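Below is one structure, written out as structure tokens; the observations come after it.
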Amino acid sequence: MKLRHLLFISFVLISVIPVGLLAYWENRLALDKEYEAINEKHLLLAKNLTGTLDRYVQDVELAFRMTTKNLPTMTQINGLDEMLVGLDFRHVCVIDANGLIQRLLCALACPKSDRFPVEVLKKLGIARIEAEKNPGNVIFSDLILNPKGAPTIYLLQSLGDGLLAIGELSPEFIRAIQKAISFGKLGHAAIVDRSGRLIAHPLPDWVSTMKDISKLSIVKKMMNGESGVIKFFSPALKADMIAGYNVVPRTGWGVMIPQPFSELEERAASLRSVVLAITAIGASLAIFLSWWLSGLLSLPMRKVADAANRFAGGGETLELKTTSWIDPTEISDLTRSFNYMVKEKGKRSAELAAAVSEATSATQAKSEFLASMSHELRTPLTSSLGSLGLLKNISYDDLSSESKDLVDIALRNNQALLRLVNELLDYEKIQSGTLSIKTSRHNICDLTS
């Protein structure tokens, strides 16, 4: 495997695997994170809406107390009726034990009779009993229909002597703040009374009929005064919902902020898509940078390897170009070291060429010397040996003993000198590879005897 491919694969694995694992983990946690975020947001919305309703209840109770305090004496308070209109009171009256209206302050509407509607008093039975048991306290009734068939909340306060103050409150303000809560595709708010009847809801038919949803698990929890986040099935949307819920302490109204669970899954899917897109971009960038970086690291080394191969094969060796500033220090050091090796090789080659030339000259001089010796020494020696041989063969007997000794000495010395010359010539032939050796059979006993 080439170095660049090895580096590329290594860099890609090192960079992509952590990103991939992070993306995988993020995808798995996306829905959990959405659920946690919804828990916080929906519960916060429910508490904020509950806080708004609680302040509204306090204002309504304060205005009702002020009105009931002044109605028996019919003391006129400037702007009291405008305040009651602003708080959505239809009217406030004081009735006796027989249900006859003794005092009346109209706001949004007035009763058509001097007797308080009997059917309404029957529906207010529990609230009347509670008001009589707690004189001076303001009691909020559950949602009931007034004589015109409109959902209404009544405020009751026992004034003593059989007198009962009653305020008829329209839930328009409650519905208005409910309508202000809208998020996502189907996220909304819903408000119920203590008995689980709807005061405010996105479905008008359910509001007008005061739909009883007390069987829902979330409504049961609100009726018990609980607060939190729950997942439940909504009959209105026919879907699983996730909702934060809280209770208005003074009235027991329940406030819930539901949202389809499918929207959480869609948002989690969108987050997954974003994570996957970022992962893909990161992986692509990592692949591109890995390929570039692997080339940056491997290209100089490949050039060094190619130049080294040419150098080892005896081919032309050129110095490598100096690397750029972005190259690693080690690559720069390797390039400089290789260029130094090339320069040193050139010097050594020049020195070797000079030595070869000198050796060639010496060999040539030696050859010339041996050739000269062969001509200048061998020829006279051959003639001298021939003359001495003739002398010994022809006139040897005529010579004195001293002369014979001299002739023998001269003959031996000439023969020794000739053998030396022949040996030098044979040595030259051995070095030049031109010596011809002839072989023949011999009796080893004759040679060693």
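The values are calculated or read from the model by the stated rules, or taken from the named source; none is laboratory data. Everything quoted here is computed from the prediction, not taken from an experiment. Every residue, glycine as well, gets a Cβ built from its backbone with ideal geometry; the counts of neighbours run over all protein chains shown. Accessible surface is based on the protein model in full, side chains and every heavy atom, while ligands, DNA and RNA are left aside. Shrake-Rupley method; radii C 1.70, N 1.55, O 1.52, S 1.80 Å.
Note the full-extension length gain between Asp212 and Arg441 as 0.36 nm times their separation in residues minus their Cα-Cα distance, in nm to one decimal.
Numbers: separation 229, 0.36 × 229 = 82.44 nm, distance 13.64 nm.
Gain on extension, Asp212 to Arg441, equals 68.8 nm.
Straight-line reach from Lys366: taking Cα to Cα under 14 Å and skipping same-chain neighbours fewer than 8 places apart, the aspartates and glutamates in range are Glu358, Asp426, Glu428.
Given R0 = 51 Å, the distance between the Cβ atoms of Ser227 and Trp292 translates into a calculated FRET efficiency of 0.35.
Label region 378-449 by shape, choosing from rounded, prolate and oblate, from the square roots a ≥ b ≥ c of the eigenvalues of the Cα gyration tensor; if a/c is under 1.5 it is rounded, and otherwise prolate applies when a/b is larger than b/c, oblate when it is not. Don't skip to the answer; put the middle values down first.
Working: a/c = 3.15, a/b = 1.65, b/c = 1.92.
Since a/c reaches 1.5 but b/c is at least a/b, the shape of region 378-449 is classed as oblate.
Heavy-atom accessible surface of Tyr427, to the nearest 10 Å², is about 120 Å², with a 1.4 Å probe and all protein chains retained.
Qualifying trypsin sites (Lys or Arg not before Pro) in region 228-267, where qualification requires a DSSP coil assignment and no more than 15 other C-beta atoms within 10 Å, comprise Lys238, Arg250.
Inter-label distance, Ser383 to Glu344: 6.1 nm, where each label sits 7 Å from its Cα along the C-beta direction.
Quick one: length gained pulling Lys112 to Ser400 fully straight, 0.36 nm per residue minus the C-alpha distance? Write out the running numbers ahead of the final one.
Working: separation 288, 0.36 × 288 = 103.68 nm, distance 19.44 nm.
Length gained, Lys112 through Ser400: 84.2 nm.
Counting only residues at least eight positions apart within a chain, or on another chain, the lysines with an alpha carbon under 29 Å from that of Lys231 are Lys33, Lys41, Lys47, Lys179, Lys185, Lys211, Lys215, Lys220, Lys221. Where in region 87-147 are there trypsin sites (Lys or Arg not before Pro) that are in a DSSP coil and have at most 14 other Cβ atoms within 10 angstrom of their Cβ? Taking region 87-147 and a limit of 14 other Cβ atoms within 10 Å, the loop trypsin sites (Lys or Arg not before Pro) found are Lys112.
Counting 0.36 nm for each residue step from Glu266 to Leu104 and taking away their Cα separation leaves a gain of 52.8 nm.
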